[in-house]
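The values are calculated or read from the model by the stated rules, or taken from the named source; none is laboratory data. Computed from a predicted structure; not experimentally measured. Glycine gets a Cβ as well: all are built from the backbone with ideal geometry, and neighbour counts include every protein chain shown.
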């Protein structure tokens, strides 16, 4: 695909049983709505060269066993540009998807809006955005595969506006096309790799892996369930801590199982979303995605034991909202000493990002289950916790603030840190007694208690 397959070649490579949707041909004035000299001739040459009548083909197909509506851009037809007829086809595709409850897969390769149709071409982006919103409100997933190139309004609507964005390595991807960028612009910023690094796309997928990856995403995103995800069994120490400081020491132990171990044990397969769609990622602090647990889809957002950065909170909020729209239960794993509190975190909007996650969890209609697997450090941990459905492992704790910091705030000497930890009542069994968590989970062969 990186070598610019035609639209039909791309569809054939990724789907089965493609059936094109009926076309509604718009009558237009000679040389288009702006009477652009030579536009009809350019249109005719593009049709002869590609065998297509427009820059996009739309139809139904099957991918990995899932029925979909597929939209594929033909870059050879006037640079895959969007005009009024393109808008007609895209609108019809979205309407068909909603009428038949089908997800939308967009194979994007476009240079943007069509110059020969001027502002009327540009307004097609509003049509596409409206159809995308209606489809999102209908609870149907939208997945974009951004090919080479994906620029302009096509990237800013069908591409970056999708629920999940998969990108082909080496593809040119960015809002500014190569002919309109500043002369001194770094070309590396306008690549699929750069968009993944900036959190605007979720993953790079090699062409040979794309069919399987797309099929896996579709299977996971099209299986709603209204039953809460059960909390995972504990993987670490089975016994409860004797003191508050013992709880802290065990939660901070480098030998304690972390999020990756829990996700590997709980999910038979998983795919990841990466980035907050605001220019940031936090792969070392927050893991987000969808996986399969006992035959059903579960969305997950998991802290990794480090201080969580603003992009991590925003990515988790994005994950919770997407799962909520699709009716997929969510599992969150709490494990952080707290939110990142350096100056850069403040400049990146730490408070607003945490508030956004609090709001996403509070507003979720889909069931959210939380397991505290390590440190529960203050509001930076609580933002990820489900009110009324939070559990804890024996080697975890949850505190209003770290005991050392609590002692400092209270102007206590360092030797009183351990006493402060006891007074804060942060052990798992304390949290059960206080009604903060529902219970303490044991190993797989032991029932939760609380």
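For residue 263, the conditions (1) buried (at least 18 other Cβ atoms within 10 Å of the Cβ); (2) in contact with a helix residue (DSSP H, G or I) (Cβ under 8 Å, 6 or more places away or on another chain); (3) assigned by TED's automatic domain parsing to the domain that holds residue 284 all hold with the exception of (2). Of everything in region 26-51 that is assigned to a helix (DSSP H, G or I) and in contact (Cβ under 8 Å) with a residue 12 or more places away in the chain, the residue that is surrounded by the fewest Cβ atoms within 10 Å (Cβ to Cβ) is 49.
Would you check if there is a residue in region 377-390 being under 19 Å from residue 323 (Cβ atoms), at pLDDT 90 or above and assigned to a strand (DSSP E or B)?
Residues of region 377-390 that are under 19 Å from residue 323 (Cβ atoms), as a first pass: 383-390.
Adding the requirement that they be at pLDDT 90 or above leaves 383-390.
Filter again for assigned to a strand (DSSP E or B), leaving 390.
The answer is yes; a qualifying residue exists.
Set side by side, the residues 97, 129 differ, and just one is surrounded by fewer than 21 Cβ atoms within 10 Å (Cβ to Cβ), touching a residue at least 12 places away in the same chain (Cβ under 8 Å), in contact with a helix residue (DSSP H, G or I) (Cβ under 7 Å, 6 or more places away or on another chain) and over 22 Å from residue 27 (Cα atoms), which is 129.
Might you check whether a residue that is under 26 Å from residue 396 (Cβ atoms), outside any strand (DSSP E or B) and in contact with a strand residue (DSSP E or B) (Cβ under 9 Å, 6 or more places away or on another chain) occurs anywhere in region 198-215? Break it down into steps so the answer makes sense when it comes.
Quick first cut of region 198-215, residues under 26 Å from residue 396 (Cβ atoms) only: none.
No, region 198-215 contains no residue that is under 26 Å from residue 396 (Cβ atoms), outside any strand (DSSP E or B) and in contact with a strand residue (DSSP E or B) (Cβ under 9 Å, 6 or more places away or on another chain).
Filtering 151, 110 for residues that are farther than 20 Å from residue 23 by Cβ, surrounded by 22 or more Cβ atoms within 10 Å (Cβ to Cβ), in contact (Cβ under 8 Å) with a residue 40 or more places away in the chain and within 24 Å of the chain's Cα centre (by Cα) leaves a single hit, 151.
Please verify whether region 41-53 includes one or more residues that are touching a strand residue (DSSP E or B) at 6+ places or on another chain (Cβ under 9 Å) and closer than 24 Å to residue 155 by Cα. Within region 41-53, none of the residues are touching a strand residue (DSSP E or B) at 6+ places or on another chain (Cβ under 9 Å) and closer than 24 Å to residue 155 by Cα. Filtering region 323-370 down to residues that are part of a strand (DSSP E or B) and out of contact with any helix residue (DSSP H, G or I) (no Cβ under 8 Å at 6 or more places or on another chain), which residue is nearest to residue 405 (Cα to Cα)? Here the residue is 370.
Is region 305-318 home to any residue that is closer than 21 Å to residue 231 by Cβ, outside any helix (DSSP H, G or I) and in the same structural domain as residue 279 (by TED's automatic domain parsing)? Yes, region 305-318 has at least one match. Residues in region 172-195 that are surrounded by fewer than 16 Cβ atoms within 10 Å (Cβ to Cβ) and assigned to a loop (DSSP other than H, G, I, E, B): 9 in all. Contact annotation: no residue pair with Cβ atoms under 8 Å, 6 or more positions apart or on different chains, pairs a residue in region 362-379 that is assigned by TED's automatic domain parsing to the domain that holds residue 298 with a partner that is assigned to a strand (DSSP E or B) and surrounded by fewer than 17 Cβ atoms within 10 Å (Cβ to Cβ).
For region 247-257, check the following and say yes or no: at least one residue is on the phi > 0 side of the Ramachandran plot, out of contact with any strand residue (DSSP E or B) (no Cβ under 7 Å at 6 or more places or on another chain) and surrounded by fewer than 22 Cβ atoms within 10 Å (Cβ to Cβ).
no
Looking at the structure I just gave you, is residue 310 closer than 17 Å to residue 199 by Cβ and either modelled with pLDDT of 95 or more or crowded, with 20+ Cβ neighbours inside 10 Å (or both)?
On the way: closer than 17 Å to residue 199 by Cβ: yes; either modelled with pLDDT of 95 or more or crowded, with 20+ Cβ neighbours inside 10 Å (or both): yes.
Yes: the conditions hold for residue 310.
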